[in-house]
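**Student:** Below are the structure tokens for one structure; questions will follow.
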Amino acid sequence: MSFEQLIQELEKVVKQLEAGGSLDESIELFQRGLELSRECIASLNQSKGKISLLTDELNNLTEELKID
Amino acid sequence: MGIIHKKVNAQEKNYISVSELNAAIKTVLLHTMERSILVFGEVSGFKISGGHAYFTLKDKSSQISCVCFSCSRTYIPKDGESVICEGAVDYWEKGGRLSFSVKSIEAVGKGILYLEFERLKAKLLGEGLFDAEKKKPIPAFAKNILVVTSKTGAVIRDIVTTVRRKNPVVNIVVKDVKVQGATAAAEICEALKKVDKLGYDVIIIARGGGSLEDLAPFYDENLVRVIFAMKTPVISAVGHETDFSLCDLVADARAATPTAAAELAAYDYYALINNVSALLNRAQRSAASKFKLAVSRVKLAGGALAARLNAKHAASQNRVRFLAFEASKKLQNTFTDKAHRLEKLNIALDNLSPLKILETGYFKVLNKFGESVSCVKALTVGDKVTAVGGDGRFAATVDEIKMNEENPCISQEV
């Protein structure tokens with residue numbers, strides 16, 4: 001799932017939790033929420049924060065670019 | 001034109017100094033050019049400094065630098081405007097620079113370049129290339145951004161700085177291109193076609209400000225068509241603050257500055273992390289409160305149960321205690337009764353005890369074997385007997401025996 005989908009899912013879970021339900025349901029929902037929040041963060045951190053110059057347009061090869 | 005020869009060191013050489021050259025050029029100009037000429041052309045790069053105007057006058061293939069001293073007295077044109085300038089060619093000897101010294105400027109209408117762009121814009125608009133519905137949405141969470149711009153200069157630096165301020169993780173790749181000049185448009189087109197296939201989340205086309213002809217590549221018809229056909233969303237940030245270039249119009253989004261383009265392309269990482277944390281907190285609190293509620297319900301039920309058990313228990317305990325008390329009382333009474341009876345019996349028994357009888361004056365008679373004698377029948381005169389009394393015993397011999405006529409001995413010892 002994309003980050004967008006993950007965070008929408010997380011919002012849904014939280015709303016369900018706040019709406020009510022048995023203790024068992026709540027525990028299950030919370031665990032799902034925990035899992036989703038971990039996946040959200042992981043999804044965001046997939047990008048490496050690199051700044052680079054495209055040296056080969058056909059093969060998407062890059063080299064580091066220093067911006068001063 | 002005659003070149004001035006000079007004799008140096010008795011050798012004839014055909015060279016002159018720079019000053020002499022410049023002076024010669026000035027002379028030629030003064031002598032051959034009219035003192036007042038009218039020139040028609042398009043204005044570009046118009047700026048006023050210290051009360052004087054400096055600009056370029058151009059046509060399709062040529063241009064010349066102009067200066068208008070004390071320009072306040074004349075018409076002030078805008079870049080792209082077509083004008084007629086009255087003035088004279090001037091040659092600045094010291095700097096060796098030629099310029100057109102303008103005395104007055106007259107407006108004649110919009111510039112050629114400008115008109116051409118307007119015409120092209122209308123044509124492309126008619127084809128629907130600028131339609132809003134055809135524009136692709138800019139992704140909300142881009143992981144990889146590609147910037148088509150010059151790899152040196154303020155533009156890329158501003159974009160990188162702006163992005164990094166709010167997002168440390170997004171990857172930024174730069175495709176270095178020429179952003180002005182005759183070959184720029186074609187170069188940018190080729191670059192865009194290739195990078196569109198590389199799967200970037202969004203592409204920014206950016207360049208800094210400049211005059212209309214500086215920006216000409218971004219009014220190129222081919223460029224517009226290439227951008228329109230691209231699969232990757234494109235943000236255009238091409239120089240003009242107020243006027244939109246054709247690149248701006250066809251792109252999926254337009255930013256007034258490279259900084260604005262960066263804001264559009266990159267999401268706020270820190271805000272998102274906070275968002276996720278906040279959601280998790282809400283979930284935690286919700287679950288925790290439910291759990292607490294359940295625990296208190298259990299406690300409450302347990303308490304009620306315990307209270308009931310205690311009450312029941314207390315009641316039974318009391319009953320048991322009561323019964324035990326009763327029983328022990330009864331037991332005691334019985335015991336006391338029995339004890340009394342026992343005592344009575346003891347007393348009675350005691351009274352009946354042979355010892356007691358002996359104490360009252362009776363003696364037990366034992367024969368020579370130590371056996372008890374209860375009948376005179378068992379005795380023979382001369383027998384040695386022992387008489388046992390309450391306080392002692394004595395030995396005796398049987399002298400005389402007299403049996404009763406009634407009460408015969410029933411003892412078996414006879």
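Taken together, the values in this text are just the output of simple stated rules run on the coordinates, not laboratory data. A quick note: this is a predicted structure, and the numbers were derived from the prediction, not measured. Backbone-built Cβ (ideal geometry, glycine too); neighbour counts: all protein chains shown.
**Student:** Give me a comma-separated list of calculated 3J(HN,Hα) values for the range B:70-77, in order, Karplus coefficients 6.51, -1.76, 1.60 applied at θ = phi - 60°, integers in Hz, x for any Gly or Pro.
**Tutor:** Whole-Hz 3J(HN,Hα) from phi for the range B:70-77: 6, 6, 4, 7, 10, 5, 9, x.
**Student:** Just to confirm the number: angle between the C-alpha axis of helix A:3-19 and the first principal axis of chain A, 0 to 90 degrees, nearest 10?
**Tutor:** With rounding to tens, the tilt is 20 degrees.
**Student:** Go ahead and run the numbers for FRET between residue B:318 and residue A:25, Cβ-Cβ distance against an R0 of 45 Å, rounding to 0.05.
**Tutor:** Approximately 0.45, to the nearest 0.05.
**Student:** Then there is this: Please get the size of the charge dipole for chain B, origin at its Cα centre, with Cβ charges of +1 on Lys and Arg and -1 on Asp and Glu, quoted in debye to the nearest 20.
**Tutor:** 440 debye
**Student:** A further question follows. Lys/Arg Cβ at +1, Asp/Glu Cβ at -1, dipole of chain B taken about the Cα centre: which of B:55, B:373, B:404 is farthest positive-ward?
**Tutor:** B:404
**Student:** Now for a different question. 7 Å from Cα along Cα→Cβ at both residue B:24 and residue B:49: what's the point-to-point distance in nm?
**Tutor:** Result for the modelled spin labels: 3.2 nm.
**Student:** Between residue B:401 and residue B:333, take the C-beta separation as r, use R0 = 56 Å, and let me know the FRET efficiency to the nearest 0.05.
**Tutor:** Values: r = 56 Å, r/R0 = 1.00.
With a Förster radius of 56 Å, E is 0.50.
**Student:** Give, as a single signed number, the net charge of other residues whose beta carbon lies under 15 Å from the beta carbon of residue B:200, with Lys and Arg counted +1 and Asp and Glu -1. Show your work: numbers first, answer last.
**Tutor:** On the way: positive: A:48, A:50, B:136, B:143, B:175, B:193, B:194, B:197, B:231; negative: A:56, A:57, B:196, B:201, B:252.
Combined, the nearby Lys, Arg, Asp and Glu give +4.
**Student:** Net charge near residue B:46: determine it from the other residues with C-beta under 14 Å of the C-beta of residue B:46, scoring Lys and Arg +1 and Asp and Glu -1. The partial results should precede the final answer.
**Tutor:** Working: positive: B:47, B:58, B:78; negative: B:42, B:79, B:81, B:213, B:214.
After counting each charged neighbour, the total is -2.
**Student:** Rounded to the nearest 500 deg cm²/dmol, what is the calculated helix-only ellipticity per residue at 222 nm for chain A, with -39500 (n - 2.57) per DSSP H run of length n ≥ 4?
**Tutor:** Details: 2 runs with 39 residues, N = 68.
Dividing the helical sum by the residues of chain A leaves -19500 deg cm²/dmol.
**Student:** Give me the percent relative contact order of chain B, please, defined on Cα pairs under 8 angstrom at least 6 residues apart. Spell out each step's value before the answer.
**Tutor:** Values: 623 pairs, mean separation 37.3, N = 414.
RCO, chain B: 9 percent.
**Student:** Between residue A:18 and residue A:57, what is the label-to-label distance in nm when each label sits 7 Å out along the Cα-to-Cβ direction?
**Tutor:** 5.0 nm
**Student:** Then there's this: For chain B, what does the helix formula give at 222 nm: sum of -39500 (n - 2.57) over DSSP H segments with n ≥ 4, over the residue count, nearest 500 deg cm²/dmol?
**Tutor:** Numbers: 9 runs with 167 residues, N = 414.
It lands at -13500 deg cm²/dmol.
**Student:** Can I ask one more? Which of rounded, prolate or oblate describes the protein assembly as shown when judged by the alpha-carbon gyration tensor and an a/c cut-off of 1.5? Working shown, then result.
**Tutor:** On the way: a/c = 6.96, a/b = 5.38, b/c = 1.29.
Prolate shape, in that a/c is at least 1.5 and a/b is the bigger ratio.
**Student:** Can you give the charge dipole size of the protein assembly as shown about its Cα centre, rounded to the nearest 20 debye, using +1 on the beta carbon of Lys and Arg and -1 on the beta carbon of Asp and Glu? Each step should come with its number before you reach the end.
**Tutor:** Working: 64 positive and 59 negative charges, 169 e Å.
Dipole of the protein assembly as shown, to the nearest 20 debye: 820 debye.
**Student:** Follow-up. At 0.36 nm per residue, and after removing the present C-alpha to C-alpha distance, how many nm does the segment from residue B:221 to residue B:115 gain when stretched out fully?
**Tutor:** Working: separation 106, 0.36 × 106 = 38.16 nm, distance 1.43 nm.
Length gained between residue B:221 and residue B:115: 36.7 nm.
**Student:** Here's something else I'd like to know. If exposed trypsin sites (Lys or Arg not before Pro) are those in a DSSP loop with at most 16 other Cβ within 10 Å, what is the longest stretch of chain A that has none?
**Tutor:** So the longest stretch without any such site is A:1-47.
**Student:** So, one more: With point charges of +1 on the Cβ of Lys and Arg and -1 on the Cβ of Asp and Glu, referenced to the Cα centre of the range B:297-350, which listed residue (B:333, B:318, B:301) lies farthest in the positive direction of the dipole?
**Tutor:** Value computed over the given set: B:301.
**Student:** If I model a spin label as a point 7 Å beyond the Cα along the Cα-Cβ vector, how far apart are those points for residue B:127 and residue B:380 in nm?
**Tutor:** Result: 17.2 nm between the two label points.
**Student:** Other chains' Cβ within 10 Å of B:164-173 residues: what's the mean? Show your work: numbers first, answer last.
**Tutor:** Details: counts 3, 0, 0, 3, 3, 7, 6, 8, 7, 9.
That average works out to 5.
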